[in-house]
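Please treat every number below as a calculation from the coordinates, not as lab data. All figures in this text were calculated on a predicted structure; none of them were measured in a lab. Here the Cβ positions follow ideal geometry from the backbone for every residue, glycine too, while neighbour counts run over all protein chains shown.
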Amino acid sequence: MPLRCVVLISGTGTLLQALMDAVARGDLRASIVAVGADRKAEGLARAEAAGIPVFVHRLVAGADRTQWDQELTDKVAAYSADLVISAGFMKLVGSAFLGRFAGRLINTHPALLPSFPGPHAVRDALAAGVKVTGCTVFAVDEGVDTGPIIAQEAVRVLPGDDEESLHERIKQTERRLLVEVVKGWEETHG
Ligand code: GAR
């Protein structure tokens with residue numbers, strides 16, 4: 001049975017695309033059974049074009065966060081996910097979600113954790129003047145980018161890099177790393 005993956009996104013979804021491409025090539029046996037977002041993310045169109053069910057679950061300003069988290073949990077659970085992949089999902093999930101998907105929830109981050117956690121990892125790395133940064137795939141816990149590290153890869157910061165150029169170079173590595181982690185997951189959990 002292929003690993004049933006639900007992917008959560010907020011942005012352009014190029015990491016999602018890397019997973020979809022790996023499935024299409026047969027490099028992954030996994031099935032992406034749904035893609036969810038907290039907004040009308042650009043990347044949802046990638047899933048729709050491939051016939052993958054999508055959903056949007058917005059966190060409206062001032063809304064009850066616990067309720068939002070429970071509803072997100074229910075939406076993802078409805079797809080019987082074996083693995084939930086946060087691939088550029090820019091919301092923190094709460095205790096209901098963490099409890100339901102404990103041990104099968106991974107995230108990817110554009111820095112070498114524990115350095116530069118949070119939503120501006122690439123900007124923060126540039127501001128710190130580091131010469132090497134990278135990306136990290138990790139198991140999600142209740143902290144902000146604090147969970148156990150599954151895989152990491154370094155990326156050099158080049159002279160003249162700005163946030164966009166550096167982030168794009170990191171994402172080239174990150175796409176491959178995420179696919180490798182899911183492949184490893186299939187081998188150990190499939
Ligand atoms: C990726 O670099 C991912 O690590 C980052 O968002 C980007 C999504 O790219 N996630 C975070 O910063 C979460 N803290 P994409 O929309 O092109 O797939």
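Spelling out what I want: for every residue of segment 55-60, take phi, set θ = phi - 60°, compute 6.51 cos²θ - 1.76 cosθ + 1.60 (Karplus), and round to whole Hz; glycine and proline get x.
Values per residue, Gly and Pro as x: 9, 10, 10, 7, 9, 6 Hz.
Give the lysines reachable from Lys183 as a straight Cα distance under 29 Å; neighbours fewer than 8 places away on the same chain don't count.
Correct list for Lys183: Lys40, Lys75, Lys91, Lys171.
Which of rounded, prolate, oblate describes segment 92-190, given a ≥ b ≥ c as roots of the alpha-carbon gyration tensor eigenvalues and a/c under 1.5 marking rounded, otherwise prolate only if a/b is larger than b/c?
Values: a/c = 2.81, a/b = 1.60, b/c = 1.76.
Cα axes put segment 92-190 in the oblate bin.
Is segment 134-190 rounded, prolate or oblate when judged by the Cα gyration tensor, a ≥ b ≥ c being the square roots of its eigenvalues, rounded requiring a/c under 1.5 and prolate requiring a/b larger than b/c?
Details: a/c = 3.25, a/b = 1.70, b/c = 1.92.
Since a/c reaches 1.5 but b/c is at least a/b, the shape of segment 134-190 is classed as oblate.
Collect residues whose amide H, placed 1.01 Å from N in the peptide plane, falls under 5 Å from the amide H of Ser10; neighbours closer than 5 in sequence don't count.
Here the answer is Phe89, Met90, since their amide H atoms fall under 5 Å of that of Ser10.
Magnitude of the Cβ-charge dipole of the chain, K/R +1 and D/E -1, about the Cα centre, nearest 20 debye? Kindly include the intermediate steps, with their values, before the conclusion.
Working: 20 positive and 24 negative charges, 51 e Å.
With only Lys, Arg, Asp and Glu charged at Cβ, the dipole is about 240 debye.
What shape does segment 46-135 have by the C-alpha gyration tensor, where a ≥ b ≥ c are the square roots of the eigenvalues, rounded means a/c under 1.5, and otherwise prolate means a/b greater than b/c and oblate the rest? Display every interim value, and only then the final one.
Values: a/c = 1.99, a/b = 1.69, b/c = 1.18.
It comes out prolate by the Cα gyration axes.
Can you work out ³J(HN,Hα) from phi for every residue in segment 79-85, in order, using Karplus 6.51 cos²θ - 1.76 cosθ + 1.60 and θ = phi - 60°, giving whole Hz and x for Gly and Pro?
Calculated HN-Hα couplings, in order: 9, 6, 6, 7, 9, 10, 10 Hz.
As I understand it, the value is the acute angle between the Cα axis of helix 65-77 and the longest principal axis of the Cα atoms of the chain; what does it come to in degrees, rounded to 10?
Approximately 70 degrees, to the nearest ten.
Please give the FRET efficiency for Ala63 paired with Arg4, using the beta carbon to beta carbon distance and R0 = 30 Å, rounded to the nearest 0.05.
Numbers: r = 29 Å, r/R0 = 0.96.
Efficiency computed from Cβ-Cβ geometry: 0.55.
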